[in-house]
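The next block holds one structure in the form of structure tokens; read it before the comments.
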Amino acid sequence: MRRRLIELGKDIIIALLTLAIGVLLLLALPVKTLTGTPWLAAAVKPFAGLFGMNEAELTYVETAVPAPSAALPLAISVQNETGRCSAVYDAAALESMYEPLGALLAQALDSAAEPQQTSHAKVCDALRAPSAAFAYSSELTADVLAAWLNASCAESGPARWFILSLDGDTVRLYLVGQTALVCDTALSAETLLAALEGYTPDGSRFAFEAAGGFARVEALSLVPSSLPAVYAAGAENPCDARFTANLAAELGFNPYGDASYTDTQGNTTWSETDCTLRVSAAGEVTLKTASDAPARFAAEDGSLLAQLEAARALLARITDGATGEAQLYLSGYEKTDDGVVCRFDYILGGIVVQQSAGPAAAVRFTGSEITGLRVQLRSYTRTAEKLSLLPAAQAAAIIPAGTVLALSYADTAAQPLQAGWLS
């Protein structure tokens with residue numbers, strides 16, 4: 001009888017130790033993993049108090065991926081009967097200006113007729129007329145931008161500038177990139193004119209409107225009337241051990257399994273049969289999957305829109321909470337023989353951050369599958385110190401002729417970031 005009691009006591013101790021190990025494993029998981037996994041959230045919720053959490057924290061919610069930040073342009077310029085007003089290099093001003101005008105762009109895209117070729121000279125004439133012009137960080141097809149704005153539009157040639165311009169009683173939509181297209185829309189002239197009324201001229205102008213040396217730069221370079229306020233900024237590598245482990249778990253790797261190793265330089269690699277994840281000591285994340293393996297990360301289909309959205313969504317998961325004040329914007333894409341490569345750059349306070357090694361992120365698709373990804377993780381923070389900049393006219397005189405005059409930060413791993421006029 002005594003021996004049975006001893007054995008029962010041992011069984012109880014083993015059960016308690018097993019339970020304690022399970023609790024410790026759950027506590028080691030990030031809250032995002034618990035709330036994002038239905039069965040885990042349901043299992044832990046009744047014991048939330050024991051974990052120092054409340055039940056609301058452990059309520060499973062299927063996380064909706066936010067709308068792409070790239071839907072916000074990098075510049076907006078309005079021309080009304082009194083003059084030109086622009087928002088550029090200022091994220092708050094851009095958001096304020098885009099709120100009323102973005103809806104008009106969506107209506108125009110939704111009702112756009114078949115586009116026709118036009119000339120860049122006519123584009124300049126359209127910008128002199130009552131108009132609203134939107135510049136994006138990359139060239140986009142009309143159907144992609146329309147989808148981001150909850151509208152629909154036929155596919156067009158890629159364009160960086162989307163311009164609404166009044167021509168008589170018709171609002172015309174210009175799509176300007178390497179080529180220029182124009183189409184009529186059902187947006188009413190009265191609606192556009194009413195939206196343009198409240199803007200006060202601020203002295204900004206396009207290069208084709210400016211005198212002097214601006215004639216040598218790209219005609220649609222937008223020049224503010226005075227030097228914009230650009231603040232000093234620093235960058236940090238957010239990839240500490242905890243972040244790296246959480247990232248591996250977020251992407252479906254076992255952060256503590258035998259398939260991971262860390263080399264003497266501090267680079268950590270997780271290697272599975274069909275997928276490899278590597279996080280370097282410098283914060284560069286690379287992901288490679290086998291194209292002949294079951295799809296692990298994929299778009300809904302092989303369309304460009306689905307591919308761009310899948311790339312953006314995966315990068316949002318990887319960079320969640322790690323970029324400081326910056327955001328990743330789509331900066332371009334290139335179609336390949338079997339898919340597409342999508343590129344992204346950081347935008348800090350409405351200004352592009354250029355990396356010395358190329359784009360901040362690149363996502364490669366083979367068909368609808370993501371077969372390669374590289375992203376340089378950086379956390380950017382601005383200070384209250386304003387930087388001194390070369391006047392725009394002097395910058396226009398020294399950059400290569402025919403290139404776009406634009407302000408950029410440059411991240412060269414030095415502290416703080418550099419800033420200036422770059423082509």
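The values are calculated or read from the model by the stated rules, or taken from the named source; none is laboratory data. These numbers come from a predicted model, not from an experiment. Cβ sites come from the backbone with ideal geometry, for glycine too, and all protein chains shown count toward neighbours. Remember, those area values only see protein heavy atoms, side chains included, never the ligands or the DNA or RNA. Shrake-Rupley method; radii C 1.70, N 1.55, O 1.52, S 1.80 Å.
Summary of values
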| item | result |
| --- | --- |
| Pairwise centroid distance, computed over Cα atoms, of the range 360-375 with the range 78-125, Å | 32 Å |
| Rg/Rh (Cα only; Kirkwood hydrodynamic radius) as it applies to the range 331-404 | 1.10 |
| Scattering profile of the range 381-423 at q = 0.15, 0.20, 0.22, 0.23 Å⁻¹ [log10 I(q)/I(0), Debye over alpha-carbon scatterers] | -0.43, -0.70, -0.80, -0.84 |
| Cα-based Rg of the range 113-224 normalised by 2.2 N^0.38 Å, two decimals | 1.07 |
| Relative contact order (%) - criterion: Cα under 8 Å, at least six apart; region: the range 309-363 | 28 percent |
| Among 370-378, 211-219, 180-188, the order from most to least packed when residues are scored by Cβ within 10 Å on average | 370-378, 180-188, 211-219 |
| Accessible surface, 1.4 Å probe, highest first, among residues Arg242, Arg278 | Arg242, Arg278 |
| Dipole in debye (nearest 20) - the range 362-423, about Cα centre, beta carbon charges: Lys, Arg +1; Asp, Glu -1 | 60 debye |
| The range 269-338 - Rg and Dmax from Cα coordinates, angstrom | 13.8, 38 |
| Sum of side-chain charges, Arg374 neighbourhood, beta-carbon under 11 Å (Lys, Arg +1; Asp, Glu -1) | +3 |
| Ala406 long-range amide H proximity, modeled H, under 5 Å | Leu422 |
| R0 of 56 Å, Cβ-Cβ distance Ile14-Asp301: FRET efficiency to nearest 0.05 | 0.65 |
| Aspartates and glutamates whose Cα lies under 16 Å from that of Lys335, excluding same-chain neighbours fewer than 8 positions away | Glu139, Glu155, Asp301, Glu309, Glu369 |
| Coordinate range along principal axes, alpha carbons of the range 229-375, Å, largest first | 50, 39, 22 |
| Derived scalar couplings ³J(HN,Hα) [the range 329-336; Karplus, 6.51 cos²θ - 1.76 cosθ + 1.60; whole Hz; x for Gly, Pro] | 10, 4, 10, x, 8, 9, 6, 10 |
| Positive-end residue, the range 280-325 charge dipole about Cα centroid, Cβ charges, pick of Gly283, Leu305, Ile318 | Gly283 |
| Alpha-carbon spread of the range 183-257, three principal axes, descending order, Å | 62, 39, 25 |
| Sites Asp240 and Thr336, calculated FRET efficiency, Cβ-Cβ separation with R0 35 Å, nearest 0.05 | 0.50 |
